[in-house]
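Notes to accompany the following structure.
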Amino acid sequence: MKGRYTTLDLIAIIPEIQASLTGMRVNNVYDIDNKTFILRFSKQTGQNGAKETDEDVGKLQLIIQSGVRVHLSDFSWPKRDTPSGFSMKLRKHLKNKRLEAMNQIVIDRIVDMQFGQGDFTNHLIVELFSKGNIILTDRDYNILSLVRFYKDAKTNINIAVREKYPIRNPLYISKKTP
């Protein structure tokens, strides 16, 4: 398996992940270690609003390893006995929300996943460069929680809770970004 994803790897993998997961709901969030998380997805409703059984649709897992990669997996990963604070925060904000969109920001190794719509939108931003980071924001990109705090060397902006993620900064502007 590849050590780290490049920009070209993301260009190739994001459409595959998006095709598989868009419209599916986050069933739960688990952590393998303090930099690796599992988002388990499933379809929540079947005919007449009834919950589909496991036979109707397979559950999909998205593995996010901060600074390294994002990929789908069928492997049964070992999970921690007790979830971390970050994992609990992800559960609180993402559980039962649909993945609406998944985009690569500009041509950098930053992935923006949008969960929910309108006032209930949250973004999960995965940085796959340097030491990496996983950042949970609200609809306006105000940071709610993150794996590690740092000061962005390019923009001289603090990446910390209650700060605004620099998604609209000229360095990060993309045609796909709302």
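The values are calculated or read from the model by the stated rules, or taken from the named source; none is laboratory data. In this text, all values refer to a predicted model and were calculated from it rather than measured experimentally. Cβ: placed from backbone, ideal geometry, glycine included. Neighbour counts: every protein chain shown. Calculation scope for accessible area: heavy atoms of the full protein, side chains included, ligands and nucleic acids excluded. Shrake-Rupley method; radii C 1.70, N 1.55, O 1.52, S 1.80 Å.
The table below lists the values:
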| read-out | value |
| --- | --- |
| Pairs, first open to solvent by less than 100 Å² (accessible area, probe 1.4 Å) in the stretch 146-167, second part of a loop (DSSP other than H, G, I, E, B) and among the acidic types (Asp, Glu), C-beta under 8 Å, six or more apart | Ile157/Glu163 |
| Selection from the stretch 76-104 of residues that are open to solvent by 60 Å² or more (accessible area, probe 1.4 Å), assigned to a loop (DSSP other than H, G, I, E, B), in contact (Cβ under 8 Å) with a residue 40 or more places away in the chain and closer than 24 Å to Val161 by Cα | Lys95, Asn96 |
| Conditions (1) under 15 Å from Val29 (Cβ atoms); (2) open to solvent by 10 Å² or more (accessible area, probe 1.4 Å): number failed by Asp108 | (1) |
| Qualifying residues in the stretch 35-51 (those that are under 15 Å from the mean Cα position of the chain (by Cα) and open to solvent by 30 Å² or more (accessible area, probe 1.4 Å)) - the one modelled with the lowest pLDDT | Lys35 |
